[in-house]
């Protein structure tokens, strides 16, 4: 694959990952979820400062810590956090999950 000016500036999934190593159990599906989220963000070429990943509860609630764009919330407060982000950011795109 040749490197061009166009491909040099395109984000990669690694650009949306934090430096924190996931601590899920081996074989956990959350590894795949994190990978697909970062791949989708790279494909959309969204600036990380314009992305908020809001967690819920359980092991998947660690996903925001492993991404470069995050908003963590207290257990059970994800709906409130997503409403706050949506209200405070006029350009915020609709959430993929429940608001």
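The values are calculated or read from the model by the stated rules, or taken from the named source; none is laboratory data. None of the values given here were measured: they were computed from a predicted structure. So basically every Cβ, Gly included, is an ideal-geometry build from the backbone, and we count neighbours across all protein chains shown.
Residues in the stretch 53-69 that are at pLDDT below 80 and farther than 11 Å from residue 17 by Cβ were compared, and the one that is surrounded by the most Cβ atoms within 10 Å (Cβ to Cβ) is 54. Scanning the stretch 38-49 for residues that are over 11 Å from residue 12 (Cα atoms) and either surrounded by fewer than 12 Cβ atoms within 10 Å (Cβ to Cβ) or modelled with pLDDT of 90 or more (or both) gives 47, 49. Could you list all residues from the stretch 8-29 that are surrounded by fewer than 10 Cβ atoms within 10 Å (Cβ to Cβ) and modelled with pLDDT under 90? Residues satisfying the conditions are 8, 9, 19.
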